[in-house]
Amino acid sequence: MTKTAATTAQQIALAAIAFERRLTGHAPKWVTVVLSEGTLVVTLHGALSPAQKAMAQTPEGAAKVQEYHRELFNTSSHPLRQEIKRITGVDVREATAEIESTTGTVVKAFTTGTVVQVFLLTDGVPADSWSGSGSEQ
């Protein structure tokens, strides 16, 4: 039996895990990657350390954890951007991070100048119940 090559999404997920572990010393529990045309969204589930989760129990602490992760990502994301370019063959134009401190979820969006709206659902939706993108003309 031969091994199949990892998909683009799997490669990006592994790169994101390695990046997060190097950056924070804490690996997420799991990673979700969605790549659609010019937008890549990487969701790191369970990405906060126990100390960060404890700090995020108050509104002030949650704001500090969010700001810390945003700044850390803004100042340190270059290696991950380079890895995404290596994997996809496409430059990253913009990148941002958003943190949901109550669940420990970190969302990193890499876009080509579009508005990205991210909705974190309480549970998974079967892939066969939804399809691609839509547009209104």
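Which ³J(HN,Hα) values in Hz, rounded to whole numbers, follow from the phi angles of the range 58-65 under the Karplus curve 6.51 cos²θ - 1.76 cosθ + 1.60, where θ = phi - 60° and Gly and Pro get x?
Once rounded to whole Hz, the list reads 10, x, 5, x, 4, 4, 5, 5.
From the phi angles alone, apply the Karplus equation (6.51, -1.76, 1.60; θ = phi - 60°) to the range 95-107 and give each ³J(HN,Hα) in whole Hz, x where the residue is Gly or Pro.
Per residue, the Karplus-derived 3J(HN,Hα) values read 8, 8, 10, 10, 10, 9, 5, 6, 9, x, 9, 10, 10 Hz.
Would you pull out the residues with amide H under 5 Å of GLU94's amide H, same chain only if 5 or more places away, H placed 1.01 Å from N?
Here THR111, GLY113 satisfy the definition.
Starting from the coordinates of the alpha-carbon atoms of the range 1-103, obtain the Kirkwood hydrodynamic radius over all distinct pairs and give the value in Å to one decimal.
Details: mean 1/r = 0.0684 Å⁻¹.
For the range 1-103, the Kirkwood estimate is 14.6 Å.
Sorted by accessible area (1.4 Å probe), largest first, how do HIS26, HIS78 line up? Display every interim value, and only then the final one.
On the way: HIS26 50, HIS78 120 Å².
In descending accessible area the options line up as HIS78, HIS26.
The values are calculated or read from the model by the stated rules, or taken from the named source; none is laboratory data. All of these numbers come straight from a predicted model, not from anything done at the bench. Heavy atoms of the whole protein, side chains included, go into the accessibility calculation; ligands, DNA and RNA do not. Shrake-Rupley method; radii C 1.70, N 1.55, O 1.52, S 1.80 Å.
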